[in-house]
Amino acid sequence: MKITLGEVGTYINGYAFKPSDWGTRGLPIIRIQNLTNQNTVPNYFDGPYNPKFEVNKGDILIAWSGSLGIHIWQKNRALLNQHIFRVEFNKCDIDKMYFYYAVKHNIHKMLHLTHGATMRHIIKSDFEQIVIPYPSLDVQANISKILNYLEQNIINFRNILLKLELLIKSRFVEMFGDLNHNPLHPVVNLKNLIIGSPLNGFFASKELYDKNGKVKLVGVKEVVGHLYTNICDTSKLDVDDSILEKYLIDYGDMLFCRSSLVQSGIAKASIVPKLNNKSCIFECHIIKIKLDQQLCIPEFMQVQSEQAYFRNQVIKNSKTATMTTISQQGIVDTKVLLPPLAFQQEFTKFLSQINKLKSDVQKSINETQLLMDSLMQEYFG
């Protein structure tokens, strides 16, 4: 048996709060960014409101504009902003978590139904016509129990990864201190630790992209969030030898993001891994720096680039318009700690051990997610 989402319940859109309604007291306003990251600091509203816009812990919320997704509100009473539905289950008997997983699985169908050029959104009538399986309540409950168990395992694994990241940061501070408050080693400018000059990357026009090309192109997404640059799924180019020679990257080079859509992404860094004879160049939103490894180990510097004192400096040195950008000078003028090489080597050995643990945990996440995806396909088609 099947059922449309419109036959399940009523979808109440949030209120169009204006910036002039925002305050620092009252009930928090749930905007889409508060769903994608429920730790994001909300705006508040302190005034009369229609009870239909009230959200309580455990309510199912569906973002239908911009970042499409289904979420379970985990905090206390709040108010719903526009572009988000609150689900009232008032038309049939359905397990709430079964509904959650069914909609989550069908998000890809919603993407095909979206409208708009700048901000994609789904029309309510289209959303209500999406069909999901509708087995007995006992079967629904059993399905949601299995999927919830797997999802909780994934959450637990991700929490382990966060704890391992915190362990790296705390070990760094323990060994080297904080540049602003408790530096345990000399402070120098990054420019004193590099060989040659920084280099901005190559602007690749679309006609150079070639799936059969022999040169890989590293971009921002291959840098951000990686200790070592991800070169597995990069685009390929067909370029001449002069371009290859100028923009070639080598093992141990550091790549910094020189432009970012969000300020927090500026000057994020990764280290070029061993390339196994692959030819790779880097694109124009990246700056390449070659460290003097007799003075500074790249792994040590990459972790240092995530410390608050480093991040605060590069953000201060950046400029924000449509995008946030930073110059070569803005990066190399950054002040950094320079402990003896033996201390850096000791830290790098510790980092390697933690990264091995992180790799094992990530493997467990991937395997659990694969099983969950397979079961959701079986349950929901």
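Every read-out reported here was derived from the displayed coordinates using simple, explicitly stated rules and does not represent laboratory data. Source: prediction; values computed, not measured. FYI the Cβ positions are ideal-geometry reconstructions off the backbone, even for glycines, and counts take in every protein chain you see.
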Over the chain, the sum of -39500 (n - 2.57) across DSSP H runs of at least four, divided by residue number and rounded to 500 deg cm²/dmol, gives at 222 nm -11500 deg cm²/dmol
Taking every C-alpha to C-alpha distance in the chain and binning by 10 Å from 0, the per-bin percentages run 4, 18, 23, 24, 19, 10, 2, 0
Toy charge model, Lys and Arg Cβ at +1, Asp and Glu Cβ at -1: the chain dipole around Cα centroid in debye, rounded to 20, equals 560
Which of ILE297, ILE243, ILE30 fluctuates most in a GNM of the chain (C-alpha springs under 10 Å)? That residue is ILE243
The answer for the per residue Cα convex hull volume of the stretch 238-381, in Å³, is 196
Ranked by GNM mean-square fluctuation in the chain (Cα springs under 10 Å), the top entry among LEU167, LEU208, LEU179 is LEU208
Residues other than LEU61 with Cβ under 13 Å of its Cβ, Lys/Arg counted +1 and Asp/Glu -1, net out at +3
If every Lys and Arg gets +1 and every Asp and Glu gets -1 at its Cβ, then about the Cα centre the stretch 191-308 yields a dipole, in debye to the nearest 20, of 140
Sequence order, the stretch 309-320: Karplus ³J(HN,Hα) from phi using 6.51 cos²θ - 1.76 cosθ + 1.60, θ = phi - 60°, Hz rounded, Gly and Pro as x, gives 5, 6, 4, 4, 5, 5, 5, 5, 7, 8, 10, 10
The Rg/Rh figure for the stretch 2-134, Cα atoms and Kirkwood Rh, to two decimals is 0.96
Once GLU306 and ASP240 are pulled to full extension, the length gained, defined as 0.36 nm per residue separation minus their Cα-Cα distance, is 20.2 nm
Within the under-12-Å Cβ sphere about MET175, not counting MET175, Lys/Arg +1 and Asp/Glu -1 give a net charge of 0
Expressed in nanometres to one decimal, the distance between label points 7 Å along Cα→Cβ at ASP360 and LEU275 is 3.3
Taking Cα pairs closer than 8 Å and at least 6 residues apart, the relative contact order of the chain in percent is 16
Helix 341-380 sits off the longest principal axis of the Cα atoms of the chain, rounded to the nearest 10 on a 0 to 90 degree scale, by 30
Net charge (Lys, Arg +1; Asp, Glu -1) of residues whose beta-carbon lies under 13 Å from that of SER305, SER305 excluded, is +2
For the stretch 161-233 the chymotrypsin sites (Phe, Trp or Tyr not before Pro) that pass both the DSSP coil test and the at-most-16 other-Cβ-within-10 Å test are PHE203
Excluding near-sequence neighbours (fewer than 8 apart on one chain), the stretch 1-148 holds lysine pairs with C-alpha atoms under 15 Å apart numbering 6
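For the stretch 230-265, which chymotrypsin sites (Phe, Trp or Tyr not before Pro) pass both filters: DSSP loop (anything but H, G, I, E, B) and at most 12 other C-beta atoms within 10 Å?
Sites meeting the loop and neighbour criteria: TYR251.
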Output for the stretch 40-79 (equivalent-ellipsoid semi-axes, sqrt of 5λ from the C-alpha gyration tensor, Å, descending) is 19, 12, 11
Expected max-MSF residue from GLN294, GLN152, GLN369 in the GNM of the chain (alpha carbon, under 10 Å) is GLN294
